[in-house]
Amino acid sequence: MKLTDEEIQQLLEKGLSPSNTAGASENDLATYQLLFDALKKEPPGGLPYNFTAKLTHQLQVRKNRAADIKFYLLAITIPVVLLGGACALFILLGNKAAVQMANDLLRYKWPFIFVLSAFLVVQYLDQKLVKEYPGA
């Protein structure tokens, strides 16, 4: 008579040795005994199970942060350089044109600042809300 897995488990839980049981092969009982002994042992203290995932995530965050800083610096630098170049060009062309350019820049400074700020805020929110939580 062949014993089922549940019956073998019950026999081993009762503490019966392979020689005391009839109907179960010694190989099956020895295998189950090894399995139960291995399951009784607690895992050794050490790194957590998700250590690799956490480490990979932290490395990706650092890499993304460096790329984000470069992007934000570029997004701020390009408009400033373009405005500075335009001012320098108008100064070279003549004083009257430079005064007109300065007046135009002062008149439209708030829309320019708003558009630049809105662009940076949208990029920041994209990085924080969308890319950090792709499953959410």
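Yes or no, residue by residue, for (1) surrounded by 11 or more Cβ atoms within 10 Å (Cβ to Cβ); (2) touching a helix residue (DSSP H, G or I) at 6+ places or on another chain (Cβ under 7 Å); (3) not in a helix (DSSP H, G or I):
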{"residue": "Thr52", "(1), (2), (3)": "no, no, no"}
{"residue": "Leu55", "(1), (2), (3)": "yes, no, no"}
{"residue": "Gln60", "(1), (2), (3)": "yes, no, no"}
{"residue": "Ile69", "(1), (2), (3)": "no, no, no"}
{"residue": "Val81", "(1), (2), (3)": "no, no, no"}
{"residue": "Phe90", "(1), (2), (3)": "yes, yes, no"}
{"residue": "Pro111", "(1), (2), (3)": "no, no, no"}
{"residue": "Ala118", "(1), (2), (3)": "no, no, no"}
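So for segment 43-50 (the condition being at pLDDT below 80 and outside any loop (DSSP other than H, G, I, E, B)), does at least one residue qualify? No, every residue in segment 43-50 fails to be at pLDDT below 80 and outside any loop (DSSP other than H, G, I, E, B).
The values are calculated or read from the model by the stated rules, or taken from the named source; none is laboratory data. Because the structure is predicted, anything quoted here is derived from the model rather than measured. All Cβ positions, glycine included, derive from the backbone under ideal geometry; neighbour counts span all protein chains shown.
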